[in-house]
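Read the figures in this text as sums done on the coordinates, not as results from a lab. Only a predicted model underlies this, so the values are computations on that prediction, with no experimental measurement involved. We place every Cβ from the backbone using ideal geometry, glycine too, and count neighbours over all the protein chains shown.
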Amino acid sequence: PFTPKGGDENILGYEFPYLGATGALMYLANCTRPGILLAVNLLARYNASLIKRCWVGVKNIFAYLLDIKILVCFMIKNQDMTMFGYHDAGHISYPHNPRSQTGFVFSIEGMTFSWKLRR
């Protein structure tokens, strides 16, 4: 879905609040929902030339956010906690512009407290 604009696709106008929607999703991805960060990053690349499938992608992310439950984490003092860290790197995850991507995430007992995704 993140291929360049095809010949039969039209660029949508400014009547769609795409910039505001991607900005709001970027805030959520950076502050509270790291799971949507990659999808929001890919959709934000189309801010200058919005096509219909990108607008559908933004609506799908908002629908996903409405469906997931709000998670609350309580930490108990003097409890043994396990910390996990994951790291991944890839070179051709976006075939039309092959640059490497890397990222990491750290969590304690399933609660994410640090992450980063970089191209």
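When Lys and Arg each count +1 and Asp and Glu each count -1, what net charge do the other residues less than 15 Å away from residue 39, Cβ to Cβ, add up to?
+4
Hey, could you get me the Stokes-Einstein D for the stretch 24-71, Kirkwood radius over alpha-carbon pairs, 20 °C and 1.002 mPa s, rounded to whole µm² s⁻¹?
192 µm²/s
How do the peptides 52-60, 109-117 rank, highest first, by the average count of neighbouring beta carbon atoms within 10 Å per residue?
The most tightly packed comes first, giving 52-60, 109-117.
Which distance in nm do the two modelled labels at residue 31 and residue 87 give, with both placed 7 Å along the Cα-to-Cβ direction?
3.0 nm
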